[in-house]
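The values are calculated or read from the model by the stated rules, or taken from the named source; none is laboratory data. None of the values given here were measured: they were computed from a predicted structure. Please note: Cβ atoms are built from the backbone with ideal geometry, for glycine as well, and neighbour counts cover all protein chains shown. Side chains included, ligands, DNA and RNA excluded: accessible areas come from the protein's heavy atoms. Shrake-Rupley method; radii C 1.70, N 1.55, O 1.52, S 1.80 Å.
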Amino acid sequence: MVSDGLWFWQFLGRLHPMIVHFPISLLLFAAFLELWTIGRPDSKLKPGINLMLKAGIFSAWLSLLLGLLLAGNEGISGELVEKHRLIGILTGVGSLLILIFLHLSNKQQRFLKWFRASLFLTALSVIVTGHLGAALTHGENYLTETFPWTASNNYQTHSFELTRYGDISTGLSTEKEIQLIGEVRTILAHNCYKCHSGAKVEADLRLDSKEAVFKGGESGEILKAGNASSSEIIRRISLPKSHKDVMPSKGKPLSKDEIALLGFWIDQGAPWPDEAENPSIYRVAKMEPRKPNLPKSTEGLENPIDLWVDQYFKENGITWQQTVDDRTYLRRIYLDVIGLVPSPSDLERFYSDDRPDKRDIWLRNLLERQDDYAQHWLTFWNDVLRNDYTGTGYITNGRYNITDWLYKSLQENKPYHQFVKELLNPTAESKGFIEGIKWRGTVNASQRTEMQAAQNVGQVILGLNLKCASCHDSFISDWKLEEAYAFANIFADSTLEVSRCEIPTGKMAGTKILWEELGEIDSTATRPEKLQQLSDYLVQPANGRMYRTMVNRIWKQMMGRGIVEPVDEMDNEPWSQDLLDWLASKFVEKNYDLKELIYLIGSSKIYQSGSIGIKSPDLLYSEDYKFNGMVRRRLTAEQFSDAISRIFYPVFEEKDLKYRPNQLLTEQKPTTEFARASLVANSSFLTAMGRPNREIVSTSRDPQANLLQSLELTNGEKLNDVLKKGAEYWKEKYPSNDVIIQEVFAQTLNRKPSQKEFQIAIAALGDQPETDKIQDLLWAVLLLPEFQLIY
């Protein structure tokens, strides 16, 4: 803050953002009302308009004076500020002209047109001034960035969690320091290297090496180790976007998370260990497959998964959880396999089944329900392959939908290696994944479609983060810029030029697979030929990494936490390397059968054991994580919607369907009596409940409930409307309060209400089952954790 004046003037200046709303509302509303007086000289609106104008003119001048004080005392400058100031003064002048011509028009009618002209022009000036003011506080493209024709896919801001560094009272370990400087350099690379790296140096400041960062620039040192608040770099990146000293001076400012992480790094003494320059510091998972010998058999443990888990439990002093009851198990496998809540009749039949292996039999039967299985798992694969029904690119042919191919692949249980081959060497029906999104307007070099393909194939199929290496040499792994471009070149029609931090280097990229031992790509081949070679090389059994990545994803979907976390960073250490390796090998032996993998996990004792609650999702990613069993999970947006649709009333109508399975088979009957949420376009309701924006790959959904979800559940129009219709339907279907209460609990929670629950429900419904009271009961049960969570 810059201020040489009295504190009082500074205080008054800061009232400007509050006072400025008065002239905006008063003058604009007065101008709107004046339109209604045209042709009506004796309109009764005149006194009100005159009063608003006088108040608006007074507040306009007050706002102008306070704005001048604010700019002068806070040291705010820049082209945008000058424009805002100039048009603000013009608005003040215009308001005086309004006052003058208003006075004259009251005496002589010929001045009326001048009054109206000055009013409407000043109203326009108010709009422009307000827009410029909003641009100062929210950014120049605050409004226009929402337009679809101005969309661009720039660098996606990373989420930096300081909690991952744990207790810092005794300082950071070398490993943590290396992790921290890696994230710091990522921030600097994506935000600062364009002007402060070897390719371009401004103000004699480079930020691409340890020596250069600590040396500073022409204005001196940029940081004081151990004191972030006194460091120039923190001051600069924390300034308002319009400030002349703000950094970056152009482009998007740093996020709060990025600023917080840089400040944290400096407060810890700005550690930059020499080991950070040594590529050997990063753990690299082996690529080749490995099938370890199973542990010795243990009584009561028939599934090989349980033998590995039992060995792990013994090594870590962990006790097995009790096996869950039939109700919990049935609800669990229904939601995990087909995404639906079992009906009371399903549960009754399961209870009546006296076969000793009934759980395995029912699991197998669910997996054979082809359409229900496909409609549930379509959600997962749409997220992973960033496939959607609407969104950026589809209208302009800059993006291709693969839903029909994807659905049929799931429906027929296509072997995973063939599934991947058809993604990498696609037909017209499956090309959407590697074709990516052709963004309109200026696009970063790291977001051209060939690099998107390299990043997405690396992330989804290989559990590898290439986003950092697609802009510069990675600071979080050994991957180099040239290697990322060589991989991207496989997806290109012509040879790519390497760009470092958006600056062309003049060097042309090679053409190589990431692991050359898998095979050699012919750099002279056509694009279809290169894709054929890539698809053959990647899916071979020798690529153990690809199959570890897949079994790890399925394990997380069913168990709540991957064997490796995050699931897109397969170089991280698994909690059981043996289990991961054995599962991947078994997956290949079983002909890459995803349903067999799900069956193997779902029939294990550990899957059928009690679930674990956690206080914070961060604990799942801590380095000292110990596996105890299945982690409780929230229903996905689609599971939640489908449960409501099946039990109470359809959330979506038939017309909402964006994909209709088996639509060419006229004799095919719908598998469900409602529109499944996986088959409809995203909506505000689904977004609030957790469905991601599928313009980027999303391999994991946030397990934590949030404010948006809470608001939607308590005040959302969509849920309220559905439950109201559901209550009306239930009132007609069920004659008494007793029956309604019993049915609500049976169909939502698969159990009878307790005596206390029944008494509370009876008291809430009253003597007669009225619609609004039934709706409240439905809503209350839906909010119970017992319904919201998979136990």
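What the table shows:
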{"item": "Net charge, residue 396 excluded, C-beta distance under 10 Å - Lys, Arg +1, Asp, Glu -1", "result": "+3"}
{"item": "Cα gyration tensor category, rounded, prolate or oblate, for region 279-421 with a/c compared to 1.5", "result": "oblate"}
{"item": "q = 0.10 Å⁻¹: log10 I(q)/I(0) that the Debye formula gives for region 581-714, counting C-alpha atoms only", "result": "-0.51"}
{"item": "Acute angle (nearest 10 degrees) that the helix 79-107 long axis makes with the longest principal axis of the chain, alpha-carbon atoms", "result": "50"}
{"item": "Solvent-accessible surface ranking, highest first, for 649, 389 at 1.4 angstrom", "result": "649, 389"}
{"item": "Globularity index of region 225-344, i.e. its alpha-carbon radius of gyration over 2.2 N^0.38 Å", "result": "1.97"}
{"item": "Under 5 Å, built H, 5+ apart or other chain: amide partners of residue 609", "result": "324"}
{"item": "For region 577-643: rounded, prolate or oblate by the Cα gyration tensor [a/c cutoff 1.5]", "result": "oblate"}
{"item": "Largest-first ordering by accessible area, 1.4 Å probe, given options 103, 84", "result": "103, 84"}
{"item": "Karplus-derived HN-Hα couplings along region 466-472 (A = 6.51, B = -1.76, C = 1.60, θ = phi - 60°), whole Hz, x at Gly and Pro", "result": "9, 5, 5, 6, 7, 10, 6"}
{"item": "Residue-normalised accessible area of region 20-75, given per residue in Å² at a 1.4 Å probe", "result": "55"}
{"item": "The chain: relative contact order as a whole-number percent, Cα under 8 Å and 6+ apart", "result": "11"}
{"item": "Euclidean distance between Cα centres, region 512-531 to region 616-667, Å", "result": "38"}
{"item": "For region 643-791: accessible area per residue (Å², 1.4 Å)", "result": "53"}
{"item": "Accessible area per residue in Å² at 1.4 Å probe, computed on region 214-338", "result": "55"}
{"item": "Largest-first ordering by accessible area, 1.4 Å probe, given options 618, 306, 354", "result": "354, 618, 306"}
{"item": "Helix 755-765 axis, angle to the chain major axis (alpha carbon atoms, nearest 10°)", "result": "40"}
{"item": "Residue 619 paired with residue 35, simple spin-label distance in nm, labels 7 Å along Cα-to-beta-carbon", "result": "5.9"}
{"item": "Rounded percent of accessible protein surface that carbon and sulfur make up, region 366-448, 1.4 Å probe", "result": "43"}
{"item": "D (Stokes-Einstein, µm²/s), Kirkwood Cα radius, region 519-572, 1.002 mPa s at 20 °C", "result": "167"}
{"item": "³J(HN,Hα) computed for each position of region 486-498 - Karplus, 6.51 cos²θ - 1.76 cosθ + 1.60, integer Hz, glycine/proline x", "result": "5, 5, 4, 5, 4, 8, 9, 6, 9, 5, 7, 8, 6"}
{"item": "Helix axis angle, 449-462 relative to the chain longest principal axis, alpha carbon, degrees", "result": "40"}
{"item": "Inter-label distance, nm, simple model (7 Å from Cα along the C-beta direction), residue 508/residue 45", "result": "6.9"}
